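Everything below concerns the one structure shown next.
Since every read-out is calculated from the coordinates, none of them should be taken as a lab result. Nothing here was measured: the structure is a model prediction, and the numbers come from that model. Positions of Cβ are generated from backbone atoms using ideal geometry, with glycine treated the same way; all protein chains shown enter the neighbour counts.
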Amino acid sequence: MANINNLKDDLLAGRRRALAKAITLVESSRADHQTEAQELLADILPHTGKSVRLGFTGTPGVGKSTFIEGFGLYLIAQGLKVAVLAVDPSSMRTGGSILGDKTRMELLSKEQNAFIRPSPSGGTLGGVARRTREAMLLCEAAGYDVVLIETVGVGQSEIAVADMVDMFLLMLSPGGGDELQGIKRGIMELADLVIVNKADGDLKKAATRAAGDYKSALHLMRPKFTCWTAEVLLASALKGEGFEPIWQKIQAFETAMKDSGELERLRATQSRAWMWSEIHDQLKDIFQAGQCAPHNPGPGCGPKSMIN
């Protein structure tokens, strides 16, 4: 109890070591750790909800990590504190993960006002780790103004990140119509902002043409919110270009969402989705642990008792 109180105080004071320890606690599968984690989350919940929550997804090799590092450095230069939750794919055979995002964001990781946390996906579909939402709340409690969630970027399953962020950003390469063939409609429909990266050098013209293709595709889709229409912007993570207009669009999105009441409704919907996801995960854990095994049913086990 005393340890949790100390951890909470250090976390609310913005200490990065405490934030790292808190995320490790919520990611632990040990029963005693989960009890402590729930206690900690309940205590810090009133201190959350003030950050800008951004989710980044895109095709592999599009340059998400390079972009996020450059964008994070830009935000820090504006006087903001930035947290990056980068999810690395886990091996389906061994369950292991390289956790290389912190290595790829070397410059950002050295900044005092930045926090980078790579987490293994653990085979979870949706492009995010099982405890990404809890980690995001801990970052908010620690005083980070912007929380960036980078998904593993392996396909349509990445859309789960949209259920925990304010703004869903889709990053694409200058492939134009050719790349559109490989993008599922469901991802495009969820995008609040499309960023065509690598708009530099020989690819500059191709990126401009691709942006036109993506704009045409977006016009065929119904907007997610009545107060906002998705747009397409160019960027070059390599040259550090395009960060300012992208941040301006993000700020405009947040303002429009708050003024219309959409942000409050969105977060309420996401909280309900989180609750049902937790119920699903806990039931799954119970069955996987064999607590309700057919050969040895315990009291209260079985479909009828669960319905009652």
How far, in nm, would the chain grow between Lys110 and Ala31 when pulled straight, counting 0.36 nm per residue and subtracting the alpha carbon separation?
25.0 nm
Can you check what the net charge comes to around Cys227, using other residues whose Cβ is under 13 Å from the Cβ of Cys227 (Lys, Arg +1; Asp, Glu -1)?
-3
May I ask you to order 258-269, 140-151 by the average number of other C-beta atoms within 10 Å around their residues, highest value first?
140-151, 258-269
Highest mean packing first, using Cβ neighbours within 10 angstrom, the peptides 61-69, 234-242 sort as 61-69, 234-242
How would you order 248-254, 223-229 from highest to lowest mean count of nearby Cβ atoms within 10 Å?
248-254, 223-229
So if I take the centroid of the Cα atoms in segment 202-279 and the same for segment 1-67, what is the distance between those two points in Å?
25 Å
In sequence order, calculated HN-Hα J values of segment 269-275 (Karplus, 6.51, -1.76, 1.60; Hz; x Gly/Pro)
5, 5, 5, 5, 4, 4, 4
Using a/c under 1.5 as the rounded threshold, could you call segment 179-284 rounded, prolate or oblate? The axes a ≥ b ≥ c are square roots of the C-alpha gyration tensor eigenvalues, and prolate needs a/b larger than b/c, oblate otherwise.
prolate
Label points 7 Å out from Cα along the Cβ direction at Leu220 and Thr208: separation in nm?
2.5 nm
Cα-Cα over 23 Å, subset of Lys81/Lys198; Lys8/Lys249; Lys81/Lys215; Lys64/Lys205
Lys81/Lys198; Lys8/Lys249; Lys81/Lys215
